[in-house]
Structure formats: structure tokens, C-alpha cells
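Step one of this worksheet: look at the structure below.
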Amino acid sequence: MIPIRDYRPSGIVPYVTVGLILLNLIVYAYQLSFSPRALTWIDGCAWQAEFGEKVTPPGFDPRAYLAYAGGRGCRYPVSRRDEFVIRYGLIPAEFWSGKDLPPTVSFPIWLTLLTSMFLHGGLLHILSNMLYLWIFGDNVEGALGHGRFLIFYLLSGAGGAGLQLAASASSTAPMIGASGAIAGVMGAYLVLFPWSRILTLVPFFFFLHFVEVPAVLILGLWFVIQFLSGLLDPGGVGGVAWFAHLGGFLAGALLVFPLKRRGVVPGLVWWWRRHRSPWGW
């Protein structure tokens, strides 16, 4: 099920949503400017000195190491593009150690919580993220206001990253992507507008169907899929940070309440008030 659009007007010009989409696309274009073929060299001994000889430094490829370095020394080859991702991505083991290991950054290592949110692993990764942000972001921005929506977005991304950091604390694989922050937007949308109709593309064998479904169905199903996938692959071995999605979604659903505009009543709250038991249960 792929959401295409919603039918709820936001009533605002979503400056922050559009700005975030443009910023993500600009950073991705800059990321692509680094050659995937040009090589640079990273000191792997610093990583193994910190975490032990059995730890695989980020981006380490044994075959490339033997081919380009002759199997000797601490330095191992990575592409310029991979080096950029390693430098600004969020690496759980490095984050928890508090030490900035090669390749280093010019700011405190904890800020990779933010820089990693604007990197992406491929064209499909960024396009799918930006599609979800475009569909759901404007309405959430309208309910929160421009400034608070930006704060909400960054906090949701940090919340998602925090849960993934806890789930894969010893990993040296860089975490990148806006998925945690956008999952937060989706969680907020579910709380605010659960009955909003979403035009959804549903593949059925060799056919594609467009159907309208309530947000609570498509977003609730999405959350369940992330939860089950996280149980099967808690460390994100398959390359997807499932717990970042879960953490971002839950953070967004909770952050709605302190950050929403005064007078905005979330749809789930309205539904509960209308259907709660006369005995106050």
C-alpha cells in the first residue's frame, strides 16, 4: 500500500515542509557529487583499538583491503562517497563511546544525530521519504505552526535515532535517512487526523488499484509492519533501521500534544471523548 495523496486542506502555505524537502534533495545532490570510484583511506586501527580487534570498522571491505592495500597496515580503502556517509552518518558504537573516530567531524559527535537525518542511501530511499513528507507534512505543520513543526521534526528524528541506538548499540554501520523524522510526522498525522481519507495505490497480483482508505488504517498497518520487522531484525542487519521508524512514530504521536496550536483538538482525542463510556471508563 503506497499513499499517493490526502484530501485534507492544510489551510497554510507549508514553508517548513517544502523547505525540508528541498534541503534533503540538495544534500542528496551534494552527496552524489562525491565519486563512488575515487578512493580515500581510513585508519581502521583507531576503531579496533577502541572497540576490539573483532570489530569491523565502518565501510570495511576485506576484498578491497587486500586488493588495494596489499593486506597490510591500518589504512583501508573506501570510496569518497562512502567516506562522506561514514563521516556524517550516525554510528551507534561511536556515538555511545563519545569519541570521534576517523573520519572525524568538526563538531561534537552527538550532532550526527541531526546530520544523519539529511543523508540517504539511494534514489528510492529519498524519493519515498519525500513523498511521505509531502503527503502528511503540510497538515501537521498547519496544526503545529511553522516554528514548532521544525522543532517537532528534529525531535522526532532524534527520538527515532535514539531507539535504534539502543537496539543496535554496538553497530559500526552508519545510520542515515529522514525516515525517523518522517515517521514522527506520520504518527502525528494519525493522532490529529485519523479519519482523513488517503488515496492509496494497492498492488494486487499484476494489477494496480487506487482506493481511498482512512489514515488510521494505512498508518496503523504501517506501524504494525515496522514493529514485526523490528522483532525479526532488531539490529537492522537487513539495512533498514526498523526501530528508528518505531521510535520516530511514537515520538511524533506524543510530541503533538505539547506542540500543537492552542485550540487544535487531535482527532483521536475527539473520538475518545465522543465514544467514552458513560461510567468514565
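Every number in this text was worked out from the coordinates using simple rules, so none of it is lab data. In this text, all values refer to a predicted model and were calculated from it rather than measured experimentally. Note that each Cβ is placed from the backbone with ideal geometry, even for glycine, and that neighbours are counted across all protein chains shown.
Summing Cβ point charges (Lys, Arg +1; Asp, Glu -1) relative to the Cα centre of the chain gives a dipole of roughly 620 debye.
Using a cutoff of 8 angstrom between alpha carbon atoms and counting only pairs six or more residues apart, the relative contact order for the chain works out to 23 percent. Oblate is the label for region 34-101, because a/c, from the alpha-carbon gyration tensor with a ≥ b ≥ c as root eigenvalues, is 1.5 or above and a/b does not exceed b/c. Taking each residue as 0.36 nm, the span from residue 273 to residue 123 lengthens on full extension beyond its C-alpha to C-alpha distance by 49.7 nm. About the centre of its Cα atoms, region 1-159 shows a dipole size close to 260 debye [charges on the beta carbon of Lys, Arg (+1) and Asp, Glu (-1) only; nearest 20 debye]. Working note: 222 nm ellipticity from helices only, DSSP H runs with n ≥ 4, each -39,500 (n - 2.57), summed and divided by the residues of the chain, gives -17500 deg cm²/dmol to the nearest 500. Listing 53, 83 from fewest to most neighbouring C-beta atoms within 10 Å gives 53, 83. Which of the three applies to region 213-276, rounded, prolate or oblate, going by the alpha-carbon gyration tensor with a ≥ b ≥ c and a/c under 1.5 meaning rounded? Note, shape of region 213-276 comes out prolate. Under a Gaussian network description of the chain, with springs only between Cα atoms under 10 Å, the residue in 87, 148, 75 that fluctuates furthest is 75. Across region 1-123, the mean sequence separation of Cα contacts (distance under 8 Å, 6 or more residues apart), normalised by length, yields a relative contact order of 28 percent.
When each of 35, 229, 116 is scored by the number of other beta-carbon atoms lying within 10 Å, the sequence from fewest to most is 35, 229, 116.
Look at the Cα gyration tensor of the chain: its axes a ≥ b ≥ c give a/c of at least 1.5 with a/b over b/c, and that counts as prolate. Note on region 136-281: with charges restricted to the Cβ of Lys and Arg (+1) and Asp and Glu (-1), its dipole about the Cα centre is near 640 debye. Taking the chain as a Gaussian network, Cα atoms linked when under 10 Å apart, which of 152, 84, 118 shows the biggest mean-square fluctuation? Highest fluctuation among the options: 84. Contact order for region 158-281, expressed relative to its length and based on alpha carbon pairs under 8 Å spaced 6+ residues apart, stands at 40 percent.
A crude spin-label estimate for the pair residue 18 and residue 197, with each label 7 Å from Cα along the Cβ direction, gives 2.7 nm. Computed 3J(HN,Hα) for region 95-112, one whole-Hz value per residue from the Karplus formula 6.51 cos²θ - 1.76 cosθ + 1.60 where θ = phi - 60°, is 4, 5, 6, x, 10, 8, 9, x, x, 8, 10, 9, 9, x, 4, 5, 6, 5, glycine and proline marked x. Diffusion coefficient (Stokes-Einstein, Kirkwood radius over C-alpha pairs, 10 °C, 1.306 mPa s) for region 1-115: 95 µm²/s, rounded to a whole number.
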